[in-house]
1. Can you find a residue in the range 26-39 that is assigned to a loop (DSSP other than H, G, I, E, B), without any contact (Cβ under 8 Å) to a residue 60 or more places away in the chain, over 25 Å from residue 173 (Cβ atoms) and not aliphatic (A, V, I, L, M)?
2. Do any helices (runs of 4 or more DSSP H) entirely within the range 72-148 hold 3 or more residues that are touching a helix residue (DSSP H, G or I) at 6+ places or on another chain (Cβ under 8 Å) and crowded, with 19+ Cβ neighbours inside 10 Å, and if so, which?
3. Report whether or not residue 94 is out of contact with any Ser or Thr (no Cβ under 7 Å at 6 or more places or on another chain), modelled with pLDDT of 95 or more and of a type in the set (Lys, Arg).
4. Any idea which of 60, 95 is in contact with a Phe, Trp or Tyr (Cβ under 6 Å, 6 or more places away or on another chain), among the small types (Gly, Ala, Ser) and under 18 Å from residue 19 (Cβ atoms)?
5. With the condition kept exactly as written, say whether any residue in the range 5-19 is among the hydrophobic types (A, V, I, L, M, F, W, C), at positive phi and surrounded by 23 or more Cβ atoms within 10 Å (Cβ to Cβ).
6. Of the conditions (1) touching a helix residue (DSSP H, G or I) at 6+ places or on another chain (Cβ under 8 Å); (2) under 26 Å from residue 102 (Cβ atoms); (3) of a type outside the set (Ser, Thr, Tyr), residue 60 satisfies every one except a single condition; which number is it?
7. Out of all the residues in the range 165-189, which are under 24 Å from residue 123 (Cα atoms) and either modelled with pLDDT under 95 or aliphatic (A, V, I, L, M) (or both)?
8. Of all residues in the range 158-174, which are among the hydroxyl-bearing types (Ser, Thr, Tyr), farther than 15 Å from residue 100 by Cβ and touching a residue at least 24 places away in the same chain (Cβ under 8 Å)?
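The values are calculated or read from the model by the stated rules, or taken from the named source; none is laboratory data. Keep in mind it's a predicted model, so treat the numbers as computed, not measured. Positions of Cβ are generated from backbone atoms using ideal geometry, with glycine treated the same way; all protein chains shown enter the neighbour counts.
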Amino acid sequence: MARGFSREELESFRDATVPDLLGPKLSMLFVGINPGLWTAATQTHFCHPSNRFYGAIRQAGLINWSVDTSIGMSDDQRRSFTDTGLGITNLVSRATVRASELSASELKKGSKRLEALVSDRRPVVVAVAGVTAFRTAFSRPTARMGRQADGVVEADLWVVPNPSGLNAHETVDSLADWYRKAAKAAGLL
């Protein structure tokens with residue numbers, strides 16, 4: 001049964017955090033910009049009824065199940081996700097209504113935190129979801145989608161489209177194509 005959140009309930013999650021979703025084996029690390037309020041409420045990354053992330057990674061062949069966005073991932077789904085070699089983190093950990101509420105300084109600090117995480121966990125591919133935030137966070141104003149010439153630590157670095165419903169020119173199909181390319185580079189497909 002679908003559950004909704006009132007505006008007041010969602011506002012209570014402003015500045016909350018969502019723990020990284022990382023397992024012992026990490027081949028591909030998806031990097032969001034920051035959690036939205038719905039994500040913080042469900043404690044599940046990329047979890048909002050209009051977000052196409054889980055539909056796209058399912059279509060890309062990375063998972064074979066769906067996430068109920070009204071409650072988020074189950075423990076079994078979290079285990080399945082990480083057992084596959086997938087992980088999720090964010091550039092900035094604090095939840096906001098929109099990523100535009102973040103400062104350039106926060107995004108740049110997030111890239112440094114990401115470098116430390118990648119150095120520690122050693123994924124094969126890091127896929128940052130959102131070219132605009134990537135450009136600011138990594139001081140690469142002309143970066144384009146796709147594999148980047150310079151990686152992060154020793155990982156291949158990809159910029160993939162943000163699956164947010166606000167990114168209206170992308171579809172589940174186009175997102176799945178990008179995620180599939182990065183997953184192949186990670187050796188997952």
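1. No; the residues of the range 26-39 include none that is assigned to a loop (DSSP other than H, G, I, E, B), without any contact (Cβ under 8 Å) to a residue 60 or more places away in the chain, over 25 Å from residue 173 (Cβ atoms) and not aliphatic (A, V, I, L, M).
2. Of the helices (runs of 4 or more DSSP H) lying wholly inside the range 72-148, those with at least 3 residues that are touching a helix residue (DSSP H, G or I) at 6+ places or on another chain (Cβ under 8 Å) and crowded, with 19+ Cβ neighbours inside 10 Å span 104-121, 131-137.
3. Numbers: out of contact with any Ser or Thr (no Cβ under 7 Å at 6 or more places or on another chain): no; modelled with pLDDT of 95 or more: yes; of a type in the set (Lys, Arg): yes.
Answer is no for this residue.
4. Of 60, 95, the one residue that is in contact with a Phe, Trp or Tyr (Cβ under 6 Å, 6 or more places away or on another chain), among the small types (Gly, Ala, Ser) and under 18 Å from residue 19 (Cβ atoms) is 95.
5. no
6. Among (1) touching a helix residue (DSSP H, G or I) at 6+ places or on another chain (Cβ under 8 Å); (2) under 26 Å from residue 102 (Cβ atoms); (3) of a type outside the set (Ser, Thr, Tyr), residue 60 violates only (2).
7. Correct list: 175, 176, 182, 183, 185, 186, 188, 189.
8. Matches in the range 158-174: 171 only.
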